[in-house]
Amino acid sequence: MITIYEEQRKGAVADTIEHSQASLEMCLEVIRRMDGFTRSQVTIRYMENMIMIGGGSHEFILTVETSAAIHNLIGPLEEEDEFVEITVGGQACEFPQMYIVSLELIETALLQILEGTTAELNWEMIDK
C-alpha cells in the first residue's frame, strides 16, 4: 500500500494532506505540483520504505529510508564541492549539486521502487 503525505505551506504554517491507498500516478501528480515554495516536500510510505522528495519545479532531491540504510539519488552532475540552494519543507537548504535531480529522474526512481522496473540510477547508500 502507498500513502502520500503532501505538505502545503501557507507562510510559516504547514498543512499535511494524506492520500491513502495511492497509486504511482497519484504520486507523480502530487510531485508535479511541487513548486519549491508553497509545496516543497512530499513523503511516500511504501511497505517499510519512506521516500522523501524535496524541492520543486525543476530541482529535486530524493532520499529513501529503509530499515537498514538511507539511499540518496545521485544526479548527473556529481560535483561534491558545488552547492545548490533549494527549499525543502519551507526551509531554504544548501545541498551538494550531486543530489540535485530532475523530475524525470524522480519518475524513473519511483517506477523502480514502486513497480520494480529496472533502471540505471546512481544511489549513495549510507548504512544505519
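The values are calculated or read from the model by the stated rules, or taken from the named source; none is laboratory data. Here the structure is a predicted model, which is why all the values come from computation and not from measurement. Every residue, glycine among them, receives a Cβ derived from its backbone with ideal geometry; neighbour counts consider all protein chains shown. Heads up: the accessible areas ignore ligands, DNA and RNA and are worked out on the full protein's heavy atoms, side chains in. Shrake-Rupley method; radii C 1.70, N 1.55, O 1.52, S 1.80 Å.
Descriptive notes on the structure:
- Qualifying residue in the stretch 72-83 (condition: assigned to a strand (DSSP E or B) and more than 22 Å from LYS128 (Cβ to Cβ)): yes
- Taking the stretch 72-128 as the range and being without any contact (Cβ under 8 Å) to a residue 40 or more places away in the chain and of a type in the set (Ser, Thr, Tyr) as the test, the residues that pass are TYR99, THR108, THR117, THR118.
- Within the set VAL30, VAL42, VAL88, VAL101, the sole residue that is among the β-branched types (Val, Ile, Thr) and more than 18 Å from LEU111 (Cβ to Cβ) turns out to be VAL88.
- Search result, residues across the stretch 93-128 that are out of contact with any Ser or Thr (no Cβ under 9 Å at 6 or more places or on another chain), among the small types (Gly, Ala, Ser) and surrounded by fewer than 18 Cβ atoms within 10 Å (Cβ to Cβ): SER102, GLY116
- Test for ILE17: is it under 13 Å from the mean Cα position of the chain (by Cα) and touching a residue at least 12 places away in the same chain (Cβ under 8 Å): no
- Being at pLDDT 95 or above, open to solvent by less than 20 Å² (accessible area, probe 1.4 Å) and either part of a strand (DSSP E or B) or under 20 Å from ILE126 (Cα atoms) (or both) is not true of ILE31.
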